[in-house]
Amino acid sequence: MALSKPLEDLMRLFERFPGIGEKSARRMVLFLLQQPKGFSEALAEGIRKCSSSLHPCSICGNITDDDPCSICSDPFRDKSTLCIVESVEDLITLEQAGIYNGLYFVLGMLYSPLEGEEVSPEVLERLVKRVSQGDIKEVILAFSPKVEGELTMNLITSVLDPLPVTVSRLSYGLPVGGSVSFADRTTLHAALEARTCLKRGEGRQ
């Protein structure tokens, strides 16, 4: 069955969303076309506003419309702990769980040499600067328990080795092969509370 080009083009755009295949994209597009005109206009305006006003926080990498973001500028956050996550989605998951009150650093990717994915030297340099210039005593590595997560933890631990900070990781309360983003609050809380120390900081009070 031949579809109109505007319909096909819109479906292709929806297929670019994570976890959305051809059938799901078709259902979403047809649902959208069945809604009142005001709905599609509001959706388009919402996307336009987010695209034009949101940007990464210059300190932690969180998505924000202010710089620094509300987390980095919050005077009541624990300035002694820094949680490193792969993505903004993982940061939001931890925040919504309400189990952590420290600061964050969004790495943006995981280290996967077999796939040719390297963590850029600029990001690592920014991380080292963030840890060395602040009052941070502990760095928590909150990556999904898979091969790439393990490799990334090893990389960051080696990069931070010269600094007098404790480096810990989430406990294996998270299932191997699972994802931080899909963990429930109880699992995240257990994993955070039972985190394992990878490097003990010395000298910083």
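Overview of values
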| read-out | value |
| --- | --- |
| Any chance SER168 is of a type in the set (Gly, Ala, Ser) and in contact (Cβ under 8 Å) with a residue 24 or more places away in the chain | yes |
| Which numbered condition ALA97 fails, given (1) surrounded by fewer than 16 Cβ atoms within 10 Å (Cβ to Cβ); (2) in contact (Cβ under 8 Å) with a residue 60 or more places away in the chain | (1) |
| Unique match (being in contact with a strand residue (DSSP E or B) (Cβ under 9 Å, 6 or more places away or on another chain), among the hydroxyl-bearing types (Ser, Thr, Tyr) and within 17 Å of SER58 (Cα to Cα)) among TYR104, TYR111 | TYR104 |
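Each reported figure results from applying straightforward, stated rules to the coordinates on display, with no laboratory input. Because the structure is a prediction, the values reported are computed rather than measured. For neighbour counting, all protein chains shown are included, and Cβ atoms are generated from backbone atoms with ideal geometry for every residue, glycine included.
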